[in-house]
Amino acid sequence: MAQQQTTCLPNPPAVLSFANAGGKYEGDGPLAAWFDWLETDPFFGEPSFEKAESALQQYALRKALEKAGLQDTDLDCVFGGDLLNQCIGTGYAMRNFSVPFYGLYGACSTMGESLSLAALLISAGYLTCAAALTSSHFCSAERQYRMPLPYGSQRCPTAQWTATAAGCTILTAGGGDAQGPYITHVTRGRVVDKGITDANNMGAAMAPAALDSLLAFFRDTGASPGDFDRIITGDLGKLGSQILVDLAGRAGLDIASKHSDCGLLLYDLDRQDMHCGGSGCGCSAAVLNGYLLTALRQGEFRRILFAPTGALLSPTATFQGESIPGICHVLCIAKDKE
């Protein structure tokens, strides 16, 4: 018997508010109008790129609280993470808030991981109000995972651009004046590793994990791709998206007409030099907490699947020739309670 990975939330948590922030290239992209804050200075007024990433996170959380008319002490918990070692972007940001905190690492799937945990605990009645918070920064990520920026190394065609961005969603139990949209289902992702070792081709490494989780969602719920306005992964980029659609078709799942990817939505690949598109956990966080949730709230979409993907690699594992495990968590987000 197949393992049940999907939970239909009996009390769907409502999105109370959301906010995002981005940098120069995000401001030059097609989703610029859906950002709360765009800054051309990559340091965001701070002395280091790592502190700049913390500043992004602090802004996203404060702005989401402001939109909801809340203080940080009104939150039961913050679930947050980033790409940096020991999640220092989030940990240092949370020094300035009096809120219980769970630090998470799911690579580029972290927005899905944080949102899943918050939604599950709120639906079960253990929390009333919680925030899901995620960020990435191009310069801090490049310094950690690849080459020092002054080195000026050439990027290969399959490489993706780590977004300098952050996003925050505040979820509530859904009573009173909650507008929604609502988290109705959560599919817990499994680690999938198909032997990809090229750290500059993470879309290929993550696509099988996206397929695994999407197949689990449709198997567990009995739904079909036609039940959704969009099936949005993040961040497979151009090549990874093509691989996912092809693999899904071979598995009997036709998502070609419904699929979008945050790594392709955030940037204009023809006009901006992003190679295969965007990546970094701030990419899907910013797209969700700007364009997607706004489109749901305004009725442009009625129901979407949000499926952020993560490549669970580290520089040490890459240098040792290890393959790249992937993971994907899927959330069904609907304009109305179902």
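Picking from residues in segment 94-144 that are of a type in the set (Ser, Thr, Tyr) and closer than 22 Å to Phe44 by Cα, the one that is modelled with the lowest pLDDT is Ser140. Screening Ala251 against (1) more than 24 Å from Ser224 (Cβ to Cβ); (2) more than 12 Å from the chain's Cα centre (by Cα); (3) touching a residue at least 40 places away in the same chain (Cβ under 8 Å) leaves a single unmet condition, (1). Filter segment 255-312 down to residues that are in a loop (DSSP other than H, G, I, E, B) and of a type in the set (Ser, Thr, Tyr) and give me whichever is nearest to the chain's Cα centre (by Cα). Taking the candidates together, the pick is Tyr267.
Take Gln242 and tell me if it is over 19 Å from the mean Cα position of the chain (by Cα) and under 23 Å from Glu26 (Cβ atoms). Here the answer is no, as Gln242 does not meet what is asked.
Is there any pair linking a residue in segment 29-48 that is more than 16 Å from Lys63 (Cβ to Cβ) to one that is among the basic types (Lys, Arg) and not in a loop (DSSP other than H, G, I, E, B), with Cβ under 6 Å and at least six apart or on different chains, and which? Every condition considered, the pairs that remain are Thr40/Lys24. Tallying residues that are touching a residue at least 12 places away in the same chain (Cβ under 8 Å) and on the phi > 0 side of the Ramachandran plot within segment 184-233 yields 1. Only one entry of Leu115, Leu16, Leu70, Leu104 meets the criterion of being surrounded by 24 or more Cβ atoms within 10 Å (Cβ to Cβ), more than 16 Å from Cys283 (Cβ to Cβ) and either aromatic (Phe, Trp, Tyr) or assigned by TED's automatic domain parsing to the domain that holds Arg143 (or both), and that entry is Leu16. A single entry from Ala32, Ala52 fulfils the requirement of being more than 26 Å from Val330 (Cα to Cα), over 17 Å from the mean Cα position of the chain (by Cα) and either acidic (Asp, Glu) or not assigned by TED's automatic domain parsing to the domain that holds Asp212 (or both): Ala52. Gly45 satisfies every condition listed in (1) under 18 Å from the mean Cα position of the chain (by Cα); (2) part of a loop (DSSP other than H, G, I, E, B) except (1). For the subset of segment 207-252 comprising residues that are under 23 Å from Ala285 (Cβ atoms) and polar (S, T, N, Q), which member is surrounded by the most Cβ atoms within 10 Å (Cβ to Cβ)? Across segment 207-252, the extreme among qualifying residues is Thr233. Sub-6 Å Cβ pairs linking a first residue in segment 311-338 that is closer than 18 Å to Leu117 by Cα to a second residue that is exposed (fewer than 14 other Cβ atoms within 10 Å of the Cβ) and at pLDDT 95 or above, at least 6 apart or interchain, are Ile327/Val191, ordered by first then second residue.
Scanning segment 73-87 for residues that are more than 17 Å from Ser284 (Cα to Cα), of a type in the set (A, V, I, L, M, F, W, C) and either in a loop (DSSP other than H, G, I, E, B) or touching an Asp or Glu at 6+ places or on another chain (Cβ under 6 Å) (or both) yields one hit, Leu75.
The values are calculated or read from the model by the stated rules, or taken from the named source; none is laboratory data. For clarity, every value in this text was computed on a predicted model and none was experimentally measured. Because the Cβ atoms are built from the backbone with ideal geometry, glycine has one as well, and the counts that use them run over all protein chains shown.
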